[in-house]
Structures are given as C-alpha cells and as structure tokens.
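Scroll down for the structure; my scribbles are underneath it.
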Protein chains: 2
Amino acid sequence: MARGAKAPNFHAMLLAGGSGTRFWPESRKRKPKQFLALAGKRPLLVESWRRVRKLAPPSRIWVVAPAALADSIRELLPQLRPDRLVIEPSPRDTAPAIALACASLAAVDPEAVVGIFPTDHVVRDVDAFKAAVERAAGAAAAGDLCCLGIKPDRPATGFGYLKCKGSVRAKGPIEVDRFVEKPDLAKAKRFLKTGTYLWNAGMFVWRATRFLDELDRTAPEIRTAVERMLAGKAKAWDKATKLSVDYAVMERARGVKVVPLDAGWDDVGSWQAAAALLEEAGLLDRSPVLVGSEGTAVFGAEKLVAVVGLPDVSIVETPDALLVVRNDQSERVRDVVKELEKRGRRDLL
Amino acid sequence: MARGAKAPNFHAMLLAGGSGTRFWPESRKRKPKQFLALAGKRPLLVESWRRVRKLAPPSRIWVVAPAALADSIRELLPQLRPDRLVIEPSPRDTAPAIALACASLAAVDPEAVVGIFPTDHVVRDVDAFKAAVERAAGAAAAGDLCCLGIKPDRPATGFGYLKCKGSVRAKGPIEVDRFVEKPDLAKAKRFLKTGTYLWNAGMFVWRATRFLDELDRTAPEIRTAVERMLAGKAKAWDKATKLSVDYAVMERARGVKVVPLDAGWDDVGSWQAAAALLEEAGLLDRSPVLVGSEGTAVFGAEKLVAVVGLPDVSIVETPDALLVVRNDQSERVRDVVKELEKRGRRDLL
C-alpha cells in the first residue's frame, strides 16, 4: 500500500461530462444529471468532489468535461484549480475523454496513478470507498489496469457486469475474466448466484502512462488524436473515435484487475431512485397531499401539489416545465425530449 | 303562448350561489364552479347570462347569490342592474335562496313569471332552450309549477329523475308523477328504457306568487324567514331551514308539470367533462406532450406539461396549487380539500 491513494502521485479524475434525458425537465443539455442534487443537499458533482478530497488534495483532483459545461463546473467547484480542468472540445464518449485526461496528467506527472470516477453516482460509505481505491491504487502502481466493481445486491439488468476469476468476497484485486454486456433478468439472476460477478460502475485506477500504452494497442487513432490536440491541433479531436472506454480499451486489455466495492453505491438511475435517496436523507418533499397515491413523489414544486389515485408516479416541476411520469415507464421520458426537439423547443432541452 | 317568455312579465333568475370541491384547485370558496370557463372562453355564469338575455332584457334578469360572491358577480356581469342582485346573507341551500328571490321579484312585479336557472351548467342549443322555456312560461302563466327536464341520453346515476305521466317525447308540459332520487345503475337503465323519465336539472318556471303560495303550504318557516328578512330583520335569514327546493317544495307540490329539454345540456360534472366540452369548442390545451397518456388533459398550465404512461388523468395548475387526478377517482378530490382544511391552508380553499 506504500504507493496507494495516500502516495503523493495519486490523482483523482472526475468525469463531469455525460448527458441523458432521464432527469428531464430538471436536467438540461447544459445542466446534466451530475449537476442535480438528486440524493442530498448538494449536486452529485459536488458530492463527488468531496468524496475524492478524502483521497487527494485539490492540486491532484482533475475534472474532465466538455466545453459547454466548463463555466458551471468552475462555479460549483471553486476549489478546482484552473489547470486541472481538462476541456473536451466536444463530447466524444469516455475513451477520448479519459485518454485526453490521462495524457494531460502524464505530461504533468509521468508517474501518476489516477483514479477515474463518474460524478453522477452515489457512494454512501466513503471510508469503504477510500479503502477500495487505495487497494486498487496499490495494484495500479504495480502496473495493473484496475477497476472498481460493485458487489451486486440484486439481479440488475441495467448495468454491465465484470466476470471475475474467483469469488467477489475477496478483497481483491481479483483478475477479471471478461466484461459482460447488460444481461436479461434470467442471466442477471445466474450472475448473482455464482458469486463471481460484479457491476461495472465505470470506475478505474491505473497509471496514466499504462493506460495510454494500452490505448496505443487497442485504439491507436484515439491516442494520436489526443496527442495532436495537446500539441495545439484543436481540430484533431474530431478524429477521436466516439467509443466508451470499456469498448475501446477494457474489453480488449489483458490482465485487468478488479477491487470489489461494497460502499452503498447507487447509480441514481431514475426519479424513483432519487426519491428513495432523498427520503433516506430526510430531504424528500413531504408537503404534497397524496390521496390513494402511495409511492408517488414530487420534486421541485414550490406550490402545493395534490395527487389523487396515482401511486408510483414522479412529478417534477421546474419554472418552465412540468413532468408527470409513471415510474415504471420512466424510460419513455426520452420520447418527450424527442418531441420537444421536433417542436424546436430548444429552450426546454 | 301569449304569456310566454316573450311576455313583458317574464323574468329570468340566475342561481349564482353553490360551491363544491370538484374543480379544486381552480375553484375556491370565493370562486366556485360557475365562475370558471369550463366549457368555453367565458365563465359558465357569463354564458348563463348571455343565454337568458335571449329570454329577457337586463331589467328582468335577476341574480341570487351569497354576499361573499357579490363583488365578483358585479364584475363579471356589468349589465346586471344593482337592484336585480338578490343577496343571501349566507348560503342556505336553494329553497331559501329561491324563496328570497321570488319574494323580491313579486314585490316589484306581482304578476311576474320567472324562469329559475342554475349557472354552472352548459346548454349548447340556445334556440331549443328558449323554445322550451317559452313553452313552460305559458303553463306557468296559467298557474302551473313547471320544471324543465333533460332528455336522458345515458343511464346517468349522478342526477335525480322526474317520473312523467306520459312519454318524454311529447313537447309538454307533461304532468310529473314524482321526483326520484339519484338511482343506481340498474335503476337508471330501467328509467332510460321506459321513456318516461327525465333528468331533474334544477330549472323551474312559475309565477313568483304561485311558488310562494306553495311554499306557505310545504315549508312555511322559510316563507316567514324570507318575509321578515325583506321587512328589515336581517337575522331572520338564519331561521330559514337549509333545504333544497326539490325537497322543500317540488316533491310535495301537486300538479307539477315538466317541459322536456333536448338542448345539449351538460352539467360539467368533472374535469373530464370540461375537457370534452373545451375540446368541442376547440379550446382544449393542445400543447402538452402526452406519451402513452391518451385521454389525459391539462388545464391552466402556463409551462410545458409532459405526461408519460398516465392515460385518463386531469392535471390542473393554478399559481399556488397543482392537482394531478385520475379521472375515475375525481370524487376523492374532496379528500384533498379536507386535508388542506386540516392543515389550516385556508389560502388554498
């Protein structure tokens, strides 16, 4: 553990890009999920910053994000050093973003070990998180490409899985057999039973240079685009293939390791999930009058809301839009967003 | 017909009291249903005024309402003569209100024939309405207590019925056998089949003095309270028994007649009914984005509303409240109002 998270060359990298429509109308193109306070008083991004502050000082915390979000990020994270904000000229998925971040980092600290973390998730147990990252950082310092894998507590079909060579009860690092796409329910149930699968939560720990070397092998055009961009050729970015880091690197890399994480992780995948987290934090709006509407939750409303005969519904009010959605059909909010695009309502997107 | 609605002594009396919670949050204690534009551009009360203007000049149109609503009524009906607004000191149901109105009218015109009309209903075919009232006015001038009865087009369970001595296909007046309480569905179906039942819509035509004479017989304490009040004893009003005119007079009166009315009448009993009427008028809000939400309607929202997976729901937004209600459970809106009373939220009632 000498070269773990406490070592001077451990850096944290927050992935603050990413968009999506699941939290419309609260989330917008310029205010995606990580900017929302979906689980507590603070936006998920700010909670993420506070979490990695347990692992590194501000001088070693980096944020990667597309240009459109830069101002909002600076505002939310006043402690972020200007030279630690890595700007993607445009969003091109996680492989180019992480490549750019790692290349920027390696230029500053060639020995850097970096933990890469999404900012739109929740981790309740920060101590357990810190211990797992430190464990992974040890392996990373020794040269491993390391993931954090979430111990599943249900047969979830919404996540990719990591098949491990060995029980996920081990503290790890465990060798990863392979990356598995989102399964159907039957498969997910089997995965849970075997005790050798973890959820892929998109959290990675590695030496920056080790990752870039692997990228050279698996997706060299991304590496080239990034290096040319850092050499001043801004347009080179557009040549970086839009790929996830899983697809571009991790699924093809050899000797990937994983450290199991059992730290109250939650991906906050829906308004319903946000309601549960806010309730846990004592922050769920209790003012609505619910008649025959158990499990219904209201977000953002300043006026009194009354609901009659509609259980398990999410109601989300913003100054310019109101969404009423049955929780089990929240996927279809994307159809609302499509319709607004069709109507040219960019003001609402 | 010489003494029909066109006769100089035909007066129209609009009942503008009445409250209820079915249209909360749009309706409030001081802004009940008849003040809402539930079927067109104008409030139902204003539509009612325009309808009876086909029957009488402003000098012979009266409005009865409780004191709390007087200012709003004057504002909505600028043509209403100040001396034609009959104020109930407090709401005491329709028998005292109509008694007070008829006594006030008889004091001005002892020969007056008066048509009494609720103001929270819709009548689409004003010509048919006018013809039926004129027909009833003829019978009333000759001394009959006359009702207008709606030709049923479905086995409604929400209305009282008039059992007629003869087919409702006649133009009338037909003699009324008896008044029937709201039936269950099986009974309502039988009523519809017989062809001798009409809906009691609370519309009456009679000589003012004829009604007062009948009241003397069936509910003399109301007559006494009204006369004492008109003689200057305001407190006498509190002695007028709270009774509906059906119960206090019509069900006990002899020789009641009815003229069938087939004029696109609708009692606008729910938000769902209002949606249908507004759609008919081309006034239903078409801006909401409805995904898997057929039959759902939105009222009063200035912001964009999106609904996902919730068919047959009414959404009603006002500056201080939002209601989301499943149409088949709209009766339970009263539970919302009760809860707000319990919470002391008089600002929302």
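Bear in mind that the values in this text are calculations on the coordinates, not laboratory data. Nothing here was measured: the structure is a model prediction, and the numbers come from that model. FYI the Cβ positions are ideal-geometry reconstructions off the backbone, even for glycines, and counts take in every protein chain you see.
Among B:Val108, B:Val337, B:Val258, the largest mean-square fluctuation in a Gaussian network model of chain B, built with springs joining Cα atoms closer than 10 Å, belongs to B:Val108. In region A:285-348, taking the dipole from charged Cβ atoms about the Cα centre, the farthest positive-side position among A:Val298, A:Ser330, A:Gly309 is held by A:Ser330.
Considering the rotation that superimposes chain A on chain B, the residue of A whose beta-carbon lies nearest the axis, and that distance in Å, is A:Val324, 3. Comparing B:Lys239, B:Lys193, B:Lys163, which has the greatest mean-square fluctuation in the GNM of chain B with Cα pairs linked when under 10 Å apart? Checking each option, the largest mean-square fluctuation is seen for B:Lys193. Close amide H partners of B:Leu261, meaning residues 5 or more places away or on another chain with modelled amide H under 5 Å apart, are B:Gly149, B:Ile150, B:Lys151.
Between identical copies, the spacing of B:Arg254 label points, each set 7 Å from Cα toward the C-beta atom, reads 11.2 nm from nearest to farthest. Rounded, prolate or oblate: which fits region B:25-91, taking a ≥ b ≥ c as square roots of the Cα gyration tensor eigenvalues, rounded meaning a/c under 1.5, else prolate when a/b beats b/c? It is oblate, given that a/c is not under 1.5 and a/b is not larger than b/c.
Among the residues of A:308-314, the average count of other protein chain beta-carbon atoms within 10 Å of the residue beta-carbon is 6. Put a dot 7 Å past the Cα of A:Ala170, heading toward its Cβ, do the same for A:Lys29, and the two dots end up 4.7 nm apart. Rounded to the nearest 20, the size of the Cβ-charge dipole of the protein assembly as shown about its Cα centre is 120 debye, with Lys and Arg at +1 and Asp and Glu at -1.
Here the Gaussian network model covers chain B, with springs between Cα atoms less than 10 Å apart; of B:Glu317, B:Glu75, B:Glu251, B:Glu75 fluctuates the most.
Each residue of region B:226-235 is assigned a 3J(HN,Hα), and the resulting list reads 5, 5, 5, 4, 5, 7, x, 8, 4, 5 Hz, derived from the Karplus form 6.51 cos²θ - 1.76 cosθ + 1.60 (θ = phi - 60°), x at Gly and Pro. Inter-copy label distances at B:Arg346, shortest first and taken from points set 7 Å along Cα to Cβ: 5.1 nm.
From the alpha carbon centroid of region A:84-141 to that of region B:87-114 is 82 Å. Sorted from nearest, the other copies put their A:Lys233 label points 10.4 nm away, the label point being 7 Å from Cα in the direction of Cβ.
Ranked for footprinting exposure by Cβ neighbours inside 10 Å, fewest first, A:Ser330, A:Ser167 give A:Ser167, A:Ser330. Classify region A:285-348 as rounded, prolate or oblate, taking a ≥ b ≥ c as the square roots of the eigenvalues of its Cα gyration tensor: rounded when a/c is under 1.5, otherwise prolate if a/b is larger than b/c and oblate if not. Cα axes put region A:285-348 in the oblate bin. DSSP bridge analysis restricted to region B:285-348 gives an antiparallel fraction near 45%, rounded to the nearest 5. Proximity of backbone amide H atoms, modeled 1.01 Å from N, is registered between B:Leu322 and A:Leu304, A:Val305, A:Ala306 at under 5 Å, excluding neighbours fewer than 5 places apart on the same chain.
Look at the dipole of region B:6-154 built from charges on Cβ: of B:Gly143, B:Leu38, B:Gly18, the Cα furthest out on the positive end belongs to B:Leu38. When the C-alpha to C-alpha distance is required to be over 21 Å, the pairs from B:Lys151/B:Lys187; A:Lys29/A:Lys182; A:Lys130/A:Lys242; B:Lys242/B:Lys342 that qualify are A:Lys29/A:Lys182; A:Lys130/A:Lys242; B:Lys242/B:Lys342. Put simply, the amide H of A:Phe299, placed in the peptide plane, has neighbours under 5 Å in A:Ile315, A:Val316, A:Glu317, leaving out anything fewer than 5 places away on its chain.
The helix-based estimate of mean residue ellipticity at 222 nm for chain B, built from -39,500 (n - 2.57) per DSSP H run of four or more residues and divided by its residue count, is -8500 deg cm²/dmol to the nearest 500.
Based on Cβ point charges of +1 for Lys and Arg and -1 for Asp and Glu, what charge dipole magnitude is obtained for region B:10-266 about its Cα centre, in debye rounded to the nearest 20?
My answer is approximately 480 debye.
Shape analysis of chain B places it in the prolate category; the axes a ≥ b ≥ c from the Cα gyration tensor give an a/c of at least 1.5, with a/b above b/c. Farthest towards the positive end of the charge dipole of the protein assembly as shown, among the residues B:Cys164, B:Trp206, A:Thr241, is the Cα of B:Cys164, using unit charges on the Cβ of Lys, Arg, Asp and Glu.
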